Amino acid sequence: MHLHRFEKIWLMLGAGGLALFILLLCVNAFAMGMAPPSNMEMIDPKKVAETPPFDKPGLKQIGDKEYDAYMTAFAFGFSPTKMEVPVGSTVNFHVTSPDVIHGFQIPGTNVNFMVMPGHINSATYNFDKPGEYLIICNEYCGAGHQVMATTIIVK
Ligand code: CUA
């Protein structure tokens, strides 16, 4: 079969692009572990209740108006149930789940992420307005999904 020279060039470009794509995919999967590039903190979901700091969920002051909030999202609630910080505080949320996938959203802010068993997901928010902020689960997780909420009070 005779192939025109340009046809050969195009075939080589096509095959080359495909080979490059497969190579990059393999590098991602095997060399880089094919995981989300952002938060890589892992935890054994069966041992959340006994793994510090999630054995005692709550707020930890780490600086002037800066807090770490270690929280668990479970079917069907959040722990701790109520938190309070002074206005102007920066809160670093670290959240994990011992059971299924939940959501973590604070309406009116840009805090909105998934909480996956086996992962510790996080987000930081600066509460510069006083008020009662609702934290809700926005990922359908079972029969009690709609009651899954907690609050953070800023004053
Ligand atoms: Cu947890 Cu919906």
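Any read-out appearing in this document is the output of simple, stated calculations on the displayed coordinates, not a laboratory observation. Please read all numbers here as calculations on a predicted model, not as lab measurements. So basically every Cβ, Gly included, is an ideal-geometry build from the backbone, and we count neighbours across all protein chains shown.
Please list, in order, the residues from the range 117-155 whose amide nitrogen is less than 17 Å from a point placed 7 Å along the Cα→Cβ vector of residue 110.
Residues passing the 17 Å test: 122-129.
Quick one: Karplus J couplings for the range 93-109, per residue in order, coefficients 6.51, -1.76, 1.60, θ = phi - 60°, nearest Hz, x for Gly and Pro?
Per residue, the Karplus-derived 3J(HN,Hα) values read 7, 10, 10, 9, 10, x, 10, 10, 6, 10, x, 9, 10, 10, x, x, 10 Hz.
From the Cα gyration tensor of the chain, with a ≥ b ≥ c the square roots of its eigenvalues, which class applies: rounded if a/c is under 1.5, or else prolate if a/b is larger than b/c, or else oblate?
Details: a/c = 2.84, a/b = 2.47, b/c = 1.15.
In terms of gyration-tensor shape, prolate.
Quick check: residue separation of residue 20 and residue 40 times 0.36 nm, minus the Cα distance between them. What number comes out in nm?
Details: separation 20, 0.36 × 20 = 7.20 nm, distance 2.67 nm.
My answer for the length gained is 4.5 nm.
Once you have the Cα-Cα distance between residue 138 and residue 7, take 0.36 nm times their residue separation minus that, and quote the gain in nm to one decimal. Each step should come with its number before you reach the end.
On the way: separation 131, 0.36 × 131 = 47.16 nm, distance 5.23 nm.
The span from residue 138 to residue 7 would gain 41.9 nm if fully extended.
Within 10 Å of each residue's Cβ, count the other Cβ atoms and sort 26, 137 from fewest upward.
Details: 26 12, 137 27.
In order of increasing Cβ crowding within 10 Å: 26, 137.
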